[in-house]
Amino acid sequence: VDVYGYVYRGISYMNLEQYSDAISDFDLAIKQYDKCAMAYFYKGFCYEKLGNLKLAKEQYYTAQTLIEHGYLQVEPYYEMFDEISGEMVADQLDSIQ
């Protein structure tokens, strides 16, 4: 399975407010590709919704670091669904500090 298959299924669980299932899928994505900034970002979002701000911050910081080092999937010829950016990560970090 492509790593983004797990990421997008996790996002689907997240949108259904099934945060534990979403985190499990993001963990599968990270296990397959530990530099998947999207998985860390959305995993942080789930932890934030569950009220665990410490773990949320850790995930956001990891996503931010990966993005700064160029580990962000970008497709120049089409728009990716639920694509993240460095600004999105910074906004989430600012909102929980």
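The residue that is farthest from Gln73 (Cα to Cα), counting only those in the range 5-15 that are among the hydroxyl-bearing types (Ser, Thr, Tyr) and surrounded by fewer than 19 Cβ atoms within 10 Å (Cβ to Cβ), is Ser12. Could you please tell me which pairs satisfy a Cβ distance under 9 Å, a separation of 6+ or placement on different chains, a first residue in the range 16-37 that is open to solvent by 80 Å² or more (accessible area, probe 1.4 Å), and a second residue that is among the β-branched types (Val, Ile, Thr)? So the pair list comes out as Gln32/Val1; Gln32/Val3; Tyr33/Val3. Among the conditions (1) more than 19 Å from Ile96 (Cα to Cα); (2) open to solvent by less than 60 Å² (accessible area, probe 1.4 Å), the only one that Ala56 does not satisfy is (1).
The values are calculated or read from the model by the stated rules, or taken from the named source; none is laboratory data. These numbers come from a predicted model, not from an experiment. Note that we place each Cβ from the backbone using ideal geometry, even for glycine, and neighbour counts take in every protein chain shown. Areas reflect the complete protein model, heavy atoms only, side chains present, ligands, DNA and RNA absent. Shrake-Rupley method; radii C 1.70, N 1.55, O 1.52, S 1.80 Å.
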